[in-house]
Structures are given as C-alpha cells and as structure tokens.
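Each remark here refers to the structure printed beneath this line.
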Amino acid sequence: MPSVRRDLAVFGGYHSPQIDVEVRLNTNESPVNPSPEFIFDLQGAIADLSLNRYPDRTADRLRNALAEFHQVDSDEIFIANGSNEVISTLLLAYGGPGRKAMTFEPTYAMYSQVAKVTSTELVEVERNTDFQLEMAAVLEANSKHRPDIVFFCSPNNPTGLDEDPKIISKLAQDTNPMIVIDEAYGQFASFRALELATAHSNIVVSKTFSKVWSLAGLRLGYLIGPKEIISNLWAACLPYHLDAIKQAAGVLALSRLNDMQLTLDLILAGRDQIEAGFDSLDVFYWKSSANFILFRAPSGKGDELWKKLVDRSVLVRNCSGWPRLADCLRVTVGTGIENDRFLYALSEALVELRS
Ligand code: PMP
C-alpha cells in the first residue's frame, strides 16, 4: 500500500462534529424541510426520468432556469454538487502547483482546505480586530503576493458580516487575479455580489441551494461568471457529475419561488428573535447578515458554555478553539421554537457561568 501524499498526511480535513441532540443549530442549514408540494412534484419528476441513461452532462434545463432567474446567459453558469464542489473545481482549473490563492481570515475553512488538497499555495491575510477588511491591507497584500485567485465570502462565515463591495471593486481594477465571491448566504444580506460581477470581468459569484432553498441534503451549487471561465470549469469537472434527480429538483425549486421567500422570511424573523435575546441577556455578538450569528462567551469560557448548551440538548458550533476566535460560538437561526430553546438554554448556562 502506498502511504498518503505527504502534504495531505499533516492535516485532518474539515469536520463539524455531530452530536445527537434535540436542537441542532451548528451547520447553517435551513431549519425547515422543503414543502410537501415540492416533495410531491419531485416524486412525479423522478417517475418521468430515464434513470438507466446518463444524465444531461451540461444540465441544460437547470442552467436555463438559473439563467432566467439571475438574468444572465446560460453559458455564464457552471453547476456542481454543492458550492464546495464549485470551490474545488475552481482550484482544479485555476489552482495547483505554482498557483496562489488568497483568503481573508477568519473565513470559510474550505478555501484553505481545497488549496491544500490541490497543492495551491495559500496566502492568509488578516482582517482588523472587528473582522472587517481594510482597503489598504487588501490592496497591499494583492501587490505583494500577486495571487491567482482571491476568495471573498459575503456574508462571511463564521462572522456573519458583509464584505465591503467598495474594496472588492477596487481590487477588481487589477485584472490579474480571479476574484471569487462566495455568496452562500447572499439572500440574507443587503448587497448583491452579482452586481459587482456584471461590472468586472474578473469577478465570479458562487451560490448554493443548501441554505434558503432548504436543499442541503441534495448537494447543489453553482457559479456565475464570464463564459471563458465557465467553460474551463466544465472541462475540469468529471463527466456526468450532476445526477438527473438533482437536475430535476433544482428546476422544480426555481419554479417555487414562494417557498423560498417563506423560508427567507422565517429565517430573518428568527435572526431578529435571537439578536433581541442576546441583547436582553447582555451577550456580545456580531450583527449578522446571514442565517447564523457569531457570539462571545464570557472570557475563557467558550468550551464550557458550549458543553452546557449540549447538556441542554442544544448544539451550536464551537469556534472558541479556532485561530482568532477565542471564546466565540456560532449559532444557526432555527425555527421560532428552536430559537427559544437555544435562548432559554443560553440564559440558564450564563447564570451558572457568571455566578
Ligand atoms: N460557502 C460557505 C461560505 C459555506 O458556509 C458553505 C456551507 N457551510 C458552503 C460554501 C458550502 O455549501 P454547499 O452545501 O453548497 O456545498
């Protein structure tokens, strides 16, 4: 047996620990399943498929539906099994040995993970202490390192903060790097990355069905960008990578915009509910533009607070051991009842920790 590549052996991959609890608010999914009408229509669509045949390799129906939804050309869309696979395909096509990717930390860990797997050199730039980008630091890092790909995440995971579009626009005036805006949580935010992509030919935008569309279990994401980039991504991915059921489900989801809107309204109301709860419990948090909120435990008590929540059958993400995020936990917005359960558990845990 060969041993694993030496550069892979040194890191353990990306994991979000799953624990059997009643209230699971740790992985930023939608708190509700797709509507019964969607499931019914999906069953009908599956019955009409020829599953003995390979699927449409370029997912034309889904691409056309997405093109119409976003008012872009269907040649400007690449589709993959979740936006994680979008990231991975981007680095397969544009990363690799001799190439450099740049991230702004803390941010979504998948960029650095995929950079390592594809042997892409990684440059990690620091944000300021409020987790915001500084224009001068971004431009300086770009001039100094000359990255091939720059990853922005807006709203940023795990902070929940929007990136500053002015900084991205300014950076995009340098046409050397490809600028990726990961907009997995875009529907919860105020600024739309697609407007920037329309104005700059070196900006691409990645999106997902895993959040507001309630389809994380389906694994469906896509990238919008210039045709030349998109055709290189189709060249780098495996043939028939998108199964026929997923393609049909994506088309159906896009035909039921009202379902998505209802989920969005539910999540935005839940976010207000949790932020109001934090205010009344005197908990420090970063005002969120996403479907999750980063908050701070009493000093040095991140692990303890996380355990006390688990003891009360509530699971949030424990970021307190991550670089730059001492004492921080991240809660995903749930249903109204789940948010209440979380806030109640938090209030009890804080009484114990503060006494
Ligand atoms: N980008 C960001 C910023 C994310 O937080 C996530 C999910 N955790 C993803 C991409 C991946 O989403 P998908 O389910 O589409 O692979």
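Note on the chain: dipole from Cβ charges, positive end direction compared against Ile149, Tyr222, Leu171; the farthest Cα belongs to Ile149.
When the alpha-carbon atoms of the stretch 160-235 are used, the pair Rg, Dmax equals 13.1, 38 angstrom. Once the C-beta distance of Asp265 and Lys287 is scaled by a Förster radius of 22 Å, the resulting FRET efficiency is 0.70 to the nearest 0.05.
Ordering Phe191, Phe292 by accessible surface, largest first, gives Phe191, Phe292; the 1.4 Å probe counts only protein heavy atoms, with every chain in place. Could you give the distance between the Cα centres of the stretch 229-271 and the stretch 143-189, to the whole Å? About 22 Å separates the Cα centre of the stretch 229-271 from the one of the stretch 143-189.
From largest accessible area down, sort Arg63, Arg324; use a 1.4 Å probe on the protein chains. Each step should come with its number before you reach the end.
On the way: Arg63 25, Arg324 95 Å².
So the residues, ranked largest to smallest area, are Arg324, Arg63.
Give me the percent of accessible area attributable to carbon and sulfur for the stretch 1-136, probe 1.4 angstrom.
Numbers: 3850 of 7770 Å².
Taking all protein chains in place, the stretch 1-136 shows 49 percent carbon and sulfur surface.
Charges were assigned to the Cβ only: +1 to each Lys and Arg, -1 to each Asp and Glu. The resulting dipole of the stretch 1-85 about its Cα centre is roughly 500 debye.
Take the Cβ-Cβ distance between Glu275 and Glu105 as r, set R0 to 22 Å, and report the resulting FRET efficiency rounded to the nearest 0.05.
Working: r = 25 Å, r/R0 = 1.12.
After rounding, the FRET efficiency stands at 0.35.
All Cα-Cα distances of the stretch 1-116, cut into 10 Å bins from zero to the largest, leave 9, 24, 33, 26, 9, 0 percent in each bin in turn.
Throw me the Rg/Rh for the stretch 182-331, computed over C-alpha atoms with Kirkwood Rh, two decimals. List each step's numbers first, then the result.
On the way: Rg = 18.9 Å, Rh = 18.2 Å.
Across the stretch 182-331, the Cα-based Rg/Rh ratio is 1.04.
Counting only DSSP beta bridges with both residues in the chain, the antiparallel share comes to about 45 percent. With a Förster radius of 30 Å applied to the beta-carbon distance between Gln173 and Ala236, the computed FRET efficiency rounds to 0.65.
From the residues Asn28, Asn258, Ala345, which one has its Cα farthest along the dipole of the chain in the positive direction, the dipole being from +1 and -1 charges on Cβ of Lys/Arg and Asp/Glu about the Cα centre? With unit charges placed on the Cβ atoms, the residue in question is Asn28. Take Trp306: with every protein chain present and a 1.4 Å probe, its accessible area is about 50 Å².
Kindly rank 132-139, 118-125 from highest to lowest mean number of other beta carbons found within 10 Å of each residue. List each step's numbers first, then the result.
Numbers: 132-139: 15.8, 118-125: 18.0.
Taking the mean over residues of other Cβ atoms within 10 Å, the ranking is 118-125, 132-139.
Divide by every residue of the chain the summed helix terms, -39500 (n - 2.57) for each DSSP H run of at least 4, and state the resulting mean residue ellipticity at 222 nm, rounded to the nearest 500 deg cm²/dmol. Before the final figure, lay out each step's value.
Values: 13 runs with 148 residues, N = 355.
-13000 deg cm²/dmol, from helical runs alone.
Using a simple charge model, +1 on the beta-carbon of Lys and Arg, -1 on the beta-carbon of Asp and Glu, nothing else, what dipole does the stretch 141-252 show about its Cα centre, in debye to the nearest 20? Could you put the intermediate results ahead of the total?
Numbers: 10 positive and 10 negative charges, 17 e Å.
With only Lys, Arg, Asp and Glu charged at Cβ, the dipole is about 80 debye.
For Lys207, the accessible surface of its heavy atoms amounts to roughly 20 Å² (probe 1.4 Å, protein chains only, rounded to the nearest 10). Relative protection proxy for 253-266, 83-96, from highest mean packing down: 83-96, 253-266 (other beta-carbon atoms within 10 angstrom). Measuring nothing but how far apart in sequence close Cα pairs (under 8 Å, 6+ apart) lie, relative to its length, the chain scores a relative contact order of 23 percent.
Taking a point 7 Å from the Cα of Asn33 along the Cα-to-Cβ direction, the residues of the stretch 210-228 with backbone N closer than 15 Å to it are 214-218. About its Cα centre, the dipole of the stretch 36-255 is roughly 420 debye, where the only charges are +1 on Lys and Arg Cβ and -1 on Asp and Glu Cβ.
When the alpha carbon gyration tensor of the chain is reduced to an equivalent ellipsoid, the three semi-axes, largest first, read 32, 27, 20 Å. For the residues Asp303, Asp182, a 1.4 Å probe over the protein chains yields an accessible-area ranking, largest first, of Asp303, Asp182.
In the full protein context, the stretch 36-255 carries 42 Å² of accessible surface per residue, based on a 1.4 Å probe and ignoring ligands, DNA and RNA.
Which net charge results when you count Lys and Arg as +1 and Asp and Glu as -1 among the other residues whose beta-carbon is under 13 Å from that of Ser210? Write out the running numbers ahead of the final one.
Details: positive: Lys207, Lys211, Arg219, Lys246; negative: Glu29, Glu85, Asp182, Glu183.
In short, 0.
Net length available on complete extension from Arg53 to Ser3 is 14.3 nm, with 0.36 nm assigned per residue and the Cα-Cα distance removed. Eigen-decomposition of the gyration tensor built on the alpha-carbon atoms of the stretch 249-332 gives equivalent ellipsoid semi-axes of 30, 15, 12 angstrom, largest listed first.
The values are calculated or read from the model by the stated rules, or taken from the named source; none is laboratory data. If you're wondering where the values come from, they're calculated on a predicted model, not measured in any experiment. For neighbour counting, all protein chains shown are included, and Cβ atoms are generated from backbone atoms with ideal geometry for every residue, glycine included. Accessible surface is based on the protein model in full, side chains and every heavy atom, while ligands, DNA and RNA are left aside. Shrake-Rupley method; radii C 1.70, N 1.55, O 1.52, S 1.80 Å.
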